[in-house]
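**Student:** Could you have a look at this structure, given as structure tokens, before my questions?
The values are calculated or read from the model by the stated rules, or taken from the named source; none is laboratory data. What you see is a predicted model, and the numbers here were worked out from it, not measured in a lab. Ideal geometry is used to build each Cβ from the backbone, glycine not excepted, and the neighbour counts take in all protein chains shown.
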Amino acid sequence: MAAGKSDLWTRVGSAIVLFAIAGTALWFGGIAFGLLLLVGGALVVVEWLALVRAMGLGSGARTALTIGGPLAILGAMAGLWFVRDHLGMTAALWVFGMVWATDIGAYFAGRAFGGARLAPKISPSKTWSGLVGGMVAALVVGSTIADRGGIVGVPLWIGLIMGLVAQLGDLGESWMKRRAGVKDSGKLIPGHGGLFDRVDGLLPVALILGGLAFAGHIVIRG
């Protein structure tokens, strides 16, 4: 019991510190946010490569993941920087908000409704009800922020797709960890594991939305 409480407070404390660091950098933007993304991206790449080495893949698959993974991670970080630097704080919160809403919605919907497992061989705790709940939560948060913040160029219901993408990113990392035989991607964050564990859903969402923003398909009205 005491150990459980200790772990809970460790997780809460780590989450507060992470939120404070990320929130401050996001608020100031510019160099502060860029440095956070650069350091964070590098750490995630290190964890990614460690997982790939432990997965026991064939040479072709290992080479593809060794090259493609870091490129995708750096692309996601660049996408986040572009959104914050060129579209502003509201657009960045829109991206983060949909991912956070997905995690929260999936957790509570899964606990409330339970039901069939989504991918029992990869992540036994995930359910189809959690998948739907996460997508709906991302839809509500994404459309609300986009409507109030004047984000145009993509449909308001894009949150529904981003909620699915975020959970696919989570499942992808779960598959990598299961194949590598580890519980967490690393031990960087007390009580939470690695940094990759915390941003697995954000990476594909940031990569897609950052790419759309760079291509001019996401703009701020007015």
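**Student:** How many of the residues in the range 178-222 are part of a helix (DSSP H, G or I) and surrounded by fewer than 20 Cβ atoms within 10 Å (Cβ to Cβ)?
**Tutor:** The number of residues fulfilling the criteria is 7.
**Student:** Here is a further query. Given Leu26, Leu37, Leu51, which one is within 24 Å of Ala215 (Cβ to Cβ), at pLDDT 95 or above and either assigned to a helix (DSSP H, G or I) or in contact with a Lys or Arg (Cβ under 9 Å, 6 or more places away or on another chain) (or both)?
**Tutor:** None of the others qualify; the one that does is Leu37.
**Student:** Which residue pairs have Cβ atoms closer than 6 Å, lie 6 or more positions apart in sequence or on different chains, and pair a first residue in the range 174-195 that is on the phi < 0 side of the Ramachandran plot with a second residue that is in a strand (DSSP E or B) and hydroxyl-bearing (Ser, Thr, Tyr)?
**Tutor:** Ser174/Ser123
**Student:** While we're on this one: Kindly check whether there is at least one residue in the range 120-137 that is at pLDDT below 95, of a type outside the set (A, V, I, L, M), part of a loop (DSSP other than H, G, I, E, B) and under 19 Å from the mean Cα position of the chain (by Cα).
**Tutor:** No, that holds for no residue.
**Student:** What about Val45, is it in a helix (DSSP H, G or I) and either without any contact (Cβ under 8 Å) to a residue 60 or more places away in the chain or in contact with a strand residue (DSSP E or B) (Cβ under 9 Å, 6 or more places away or on another chain) (or both)?
**Tutor:** yes
**Student:** Which of the residues spanning the range 93-116 are exposed (fewer than 15 other Cβ atoms within 10 Å of the Cβ), part of a helix (DSSP H, G or I) and of a type outside the set (A, V, I, L, M, F, W, C)?
**Tutor:** Listed by number, the list holds a single entry, Arg111.
**Student:** Moving on. Quick check on my filter: what residues within the range 10-46 are within 12 Å of Ile189 (Cα to Cα) and out of contact with any helix residue (DSSP H, G or I) (no Cβ under 8 Å at 6 or more places or on another chain)?
**Tutor:** Thr10, Arg11, Val12, Gly13, Ser14, Ala15, Ile16, Val17
**Student:** Testing Gly114 on (1) modelled with pLDDT under 90; (2) over 15 Å from Asp170 (Cα atoms); (3) under 19 Å from the mean Cα position of the chain (by Cα), one condition comes back false. Which one is that?
**Tutor:** Condition (3) is where Gly114 drops out.
**Student:** Looking only at the range 56-71, how many residues end up being surrounded by 13 or more Cβ atoms within 10 Å (Cβ to Cβ) and modelled with pLDDT under 95?
**Tutor:** The qualifying residues number 1.
**Student:** Being touching a helix residue (DSSP H, G or I) at 6+ places or on another chain (Cβ under 9 Å) and surrounded by fewer than 15 Cβ atoms within 10 Å (Cβ to Cβ) is the filter here, so list the residues in the range 136-154 that pass it.
**Tutor:** Within the range 136-154, Arg148, Gly150 meet the criteria.
**Student:** Here's a check for you: in the range 74-91, which residue that is under 14 Å from the mean Cα position of the chain (by Cα) and surrounded by fewer than 20 Cβ atoms within 10 Å (Cβ to Cβ) is farthest from Leu207 (Cα to Cα)?
**Tutor:** Leu74
**Student:** Checking Gly56 against (1) in contact with a helix residue (DSSP H, G or I) (Cβ under 9 Å, 6 or more places away or on another chain); (2) part of a helix (DSSP H, G or I), which test does it fail?
**Tutor:** (2)
**Student:** In addition: Working carefully through the options Val39, Val52, find the one that is under 18 Å from the mean Cα position of the chain (by Cα) and β-branched (Val, Ile, Thr).
**Tutor:** Val39
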